[in-house]
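Colleague: Below is one structure. I have some questions about it.
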Amino acid sequence: MNTPTFEPGRLALMLNELRLPTVARLWPEFAQRSDKEGWQATRLLGALFEHELAERAKRRIERHRAESRLDPTKTLGTFDFSMVPMVSKAHVMALAAGDSWLEKGATVLVFGPPGAGKSHLGSGIGHALIDAGYRVLFMRTSEIVQKLQAARQSLQLPSALAKLERFDLIILDDLSYVRKDQAETSVLFELIAERYERRSLLITANQPFSGWNDVFPDPGMTVAAIDRLVHHSTIFEMNVESYRRRTASDKQIGRRRQLSSDNHKLGATTMAE
Ligand code: ADP
Ligand code: MG
C-alpha cells in the first residue's frame with residue numbers, strides 16, 4: 001500500500017483549517033507516545049478527539065459565563081443556606097440542574113427585603129445552569145427595560161426580543177425598582193408575554209405582587225403579567241433581615257467576645273506575674 005507521509009507542517013495547516021486547535025497542540029506528544037507504546041490507531045485518534053471535544057465544551061461554558069453578566073463571586077458555593085432556613089436547599093439544587101422547568105419555560109420568583117440574598121441566590125442558580133450547559137443572562141430589570149424601550153423607539157423591538165431568545169434563562173433583578181412609566185414598562189410586559197411557556201425567567205423583587213401595580217402601566221397589565229408568571233412557577237420568600245446587617249452584628253458580637261476574652265487573658269497574666 002502506498003502510505004502517504006505527512007509533513008508536520010502540513011498537518012498543522014490542515015488542523016488549523018479544520019479548527020482543531022487542541023488536536024494541533026497535543027498531537028506531537030500523543031503521536032510520540034503512541035509510536036513508543038505501540039497504540040492502536042483508534043486509540044490515538046480517540047484520545048485526541050476526546051480532548052478536542054472536552055476543550056470545546058470548556059470554551060463554550062466560558063463564553064456563556066462571559067455573556068451572562070453574572071457576578072463571578074455569587075455562586076451557590078458561596079451562598080450560606082443556613083441564613084435562609086425557609087429556602088429549601090434541595091429545591092434550589094434541583095432547579096440548578098435545569099431540565100424540565102427550563103424546557104417548559106417556567107418561572108422562579110424570589111421575594112424578600114433588601115439584603116436578604118435574592119440576587120445572590122438568583123446568580124447562584126444562573127452559574128449552576130451555565131455549568132450544566134445552559135445560557136443565562138443576568139440584568140437589572142430597569143436596564144433591560146431601558147434597552148428594550150430604546151429598541152422600540154428605533155422600531156427594533158421584535159429583533160431585540162428575538163436576540164434574547166437564545167437565553168434559556170433571563171434573570172430580571174429588582175423588578176420592583178422599575179419606575180412606572182407607560183411606554184417603558186409595557187416593554188417589560190411584552191418580554192414576559194413573549195417568553196411565556198417557552199423561555200424561563202427568574203425574577204427578584206423586594207415587593208411581592210401586591211406592590212406591582214406601581215411597576216406596570218395599568219392594573220389590567222399587572223394582572224396579566226402576574227397571571228403568566230405564576231402559572232408555572234416556584235416562589236421563594238426570603239423574609240429575613242439583611243445579610244449584611246446580620247453578619248455585621250455577628251462580627252461585632254464576635255469582636256466584643258474577642259475583646260473580653262483578651263481582657264480576661266490579660267487579667268490572668270497580670271495576676272500571674
Ligand atoms: P438582595 O438582592 O436581596 O438585596 P443580595 O443578594 O445582594 O441581597 O445580598 C446582599 C449581600 O449579602 C451580598 O454581598 C450577598 O453576597 C450577601 N449574602 C446575602 N445572603 C447571603 C447568604 N445566604 N450567604 C452568603 N452571602 C449572602
Ligand atoms: Mg439584589
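The values are calculated or read from the model by the stated rules, or taken from the named source; none is laboratory data. Because the structure is a prediction, the values reported are computed rather than measured. Glycine gets a Cβ as well: all are built from the backbone with ideal geometry, and neighbour counts include every protein chain shown.
Colleague: I'm trying to understand the selection: among the residues of the stretch 74-127, which are touching a His at 6+ places or on another chain (Cβ under 9 Å) and within 13 Å of ligand 1 (Cβ to nearest atom)? Show your work before the answer.
Modeller: Taking the stretch 74-127 first, the residues touching a His at 6+ places or on another chain (Cβ under 9 Å) are 74-79, 96, 101, 104-107.
Correct list: K74, T75, L76, G77, T78, F79.
Colleague: Can you tell me which residue in the stretch 201-243 is nearest to S88 (Cα to Cα), limited to those that are assigned to a strand (DSSP E or B), away from ligand 2 (no atom under 16 Å from the Cβ) and not aliphatic (A, V, I, L, M)?
Modeller: Once the filter is applied, the top-ranked residue is T234.
Colleague: Within the stretch 151-159, can one find any residue that is in contact with a strand residue (DSSP E or B) (Cβ under 8 Å, 6 or more places away or on another chain) and either more than 16 Å from ligand 1 (Cβ to nearest atom) or touching a residue at least 40 places away in the same chain (Cβ under 8 Å) (or both)?
Modeller: First pass over the stretch 151-159, keeping only residues in contact with a strand residue (DSSP E or B) (Cβ under 8 Å, 6 or more places away or on another chain): none.
So far as the stretch 151-159 goes, no, none of its residues is in contact with a strand residue (DSSP E or B) (Cβ under 8 Å, 6 or more places away or on another chain) and either more than 16 Å from ligand 1 (Cβ to nearest atom) or touching a residue at least 40 places away in the same chain (Cβ under 8 Å) (or both).
Colleague: Given P21, P28, P72, which one is touching a Pro at 6+ places or on another chain (Cβ under 8 Å) and surrounded by fewer than 15 Cβ atoms within 10 Å (Cβ to Cβ)?
Modeller: On the way: P21 fails: touching a Pro at 6+ places or on another chain (Cβ under 8 Å); P72 fails: touching a Pro at 6+ places or on another chain (Cβ under 8 Å).
One residue alone meets the criteria, P28.
Colleague: Right, here's the next one. Restricting the first residue to the stretch 97-120 and requiring it to be touching a residue at least 24 places away in the same chain (Cβ under 8 Å) and within 21 Å of D131 (Cα to Cα), which pairs with a second residue that is of a type in the set (G, A, S) and surrounded by fewer than 18 Cβ atoms within 10 Å (Cβ to Cβ) meet a Cβ separation below 6 Å and a spacing of at least six or different chains?
Modeller: Every condition considered, the pairs that remain are G98/A132; T107/S233.
Colleague: Among the residues that make up the stretch 190-205, is at least one of them in contact (Cβ under 8 Å) with a residue 24 or more places away in the chain, over 20 Å from the mean Cα position of the chain (by Cα), within 25 Å of L70 (Cα to Cα) and surrounded by 20 or more Cβ atoms within 10 Å (Cβ to Cβ)?
Modeller: No, every residue in the stretch 190-205 fails to be in contact (Cβ under 8 Å) with a residue 24 or more places away in the chain, over 20 Å from the mean Cα position of the chain (by Cα), within 25 Å of L70 (Cα to Cα) and surrounded by 20 or more Cβ atoms within 10 Å (Cβ to Cβ).
Colleague: So, I61, is that one away from ligand 1 (no atom under 16 Å from the Cβ), modelled with pLDDT of 95 or more, β-branched (V, I, T) and crowded, with 20+ Cβ neighbours inside 10 Å or not? Spell out the reasoning first.
Modeller: On the way: away from ligand 1 (no atom under 16 Å from the Cβ): yes; modelled with pLDDT of 95 or more: yes; β-branched (V, I, T): yes; crowded, with 20+ Cβ neighbours inside 10 Å: no.
The answer is no for I61.
Colleague: Return the residues of the stretch 1-30 that are at pLDDT 95 or above and not in a helix (DSSP H, G or I); say none if nothing qualifies.
Modeller: L18, R19, L20
Colleague: Mind counting the residues in the stretch 158-188 that are in contact with an Asp or Glu (Cβ under 7 Å, 6 or more places away or on another chain) and closer than 25 Å to G126 by Cα? Before the answer, list the steps.
Modeller: Filtering the stretch 158-188 down to residues in contact with an Asp or Glu (Cβ under 7 Å, 6 or more places away or on another chain) leaves 161, 180.
When the remaining residues are screened for being closer than 25 Å to G126 by Cα, the result is 161.
Within the stretch 158-188, residues that are in contact with an Asp or Glu (Cβ under 7 Å, 6 or more places away or on another chain) and closer than 25 Å to G126 by Cα number 1.
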